[in-house]
């Protein structure tokens, strides 16, 4: 995976400005850029450069959905998108119920797929089963990530701080070097 040097961030910027009740001028001051550049970003007339995105993540670290949208765009879809479609209720209880359902579906799929065979000897049917399992895992991850964003926003518990707290435990368990 590569991080793109620039990305279209119009939706992310528009959502942030609304969420924070902020003007183009305020964002320009925060990021040390021109009001016109903020307008260009907001209307997808210019792509945001990686260094400005990095700075904006630091400045708006209390806006998990904005960060999630930037990470999704700059990672070229490698991270989970912020789920905001018409079929999504962005309330913590709804996201919790969806996350639970998707986790259950992923666990059920894990139980039906056998990974015991070496990858070089599986047939197409087995490979399709593995791809379907990956799809279920990715759907679960998307809802887990979105639930975590909502919990950070609603309860003021930063994801980054939770990960930093967990890192020593993960190292102690031998999960990390």
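Please treat every number below as a calculation from the coordinates, not as lab data. The structure presented is a predicted model; accordingly, all values stated were derived computationally and were not measured. Every residue, glycine among them, receives a Cβ derived from its backbone with ideal geometry; neighbour counts consider all protein chains shown.
From the Cα gyration tensor of the chain, with a ≥ b ≥ c the square roots of its eigenvalues, which class applies: rounded if a/c is under 1.5, or else prolate if a/b is larger than b/c, or else oblate? Prolate, because a/c is 1.5 or more and a/b exceeds b/c. Tell me whether region 89-135 comes out rounded, prolate or oblate; compute the Cα gyration tensor, take square roots of the eigenvalues as a ≥ b ≥ c, and use a/c under 1.5 as the rounded threshold. The shape class here is prolate.
On the basis of the beta-carbon distance and an R0 of 22 Å, residue 14 and residue 76 show a calculated FRET efficiency of 0.60.
The slack in the chain from residue 87 to residue 164, taken as 0.36 nm per residue of separation less the alpha-carbon distance, amounts to 24.4 nm. For the chain, adding -39500 (n - 2.57) for each run of n ≥ 4 DSSP H residues and dividing by the number of residues yields -21000 deg cm²/dmol at 222 nm. For region 6-74, the spherically averaged projection of the C-alpha convex hull amounts to 3.6 nm². Apply 1/(1 + (r/R0)^6) to the Cβ-Cβ distance of residue 45 and residue 3, taking R0 = 22 Å, and write down the FRET efficiency to the nearest 0.05. The calculated FRET efficiency here is 0.50.
Rounded to the nearest 10 degrees, the angle from helix 50-59 to the longest Cα principal axis of the chain is 80 degrees.
In this rough spin-label picture, where each label sits 7 Å from Cα along the Cβ direction, the residue 155-residue 122 distance is 3.5 nm. Using alpha carbons only, the radius of gyration of region 64-147 set against its Kirkwood radius gives Rg/Rh = 1.07.
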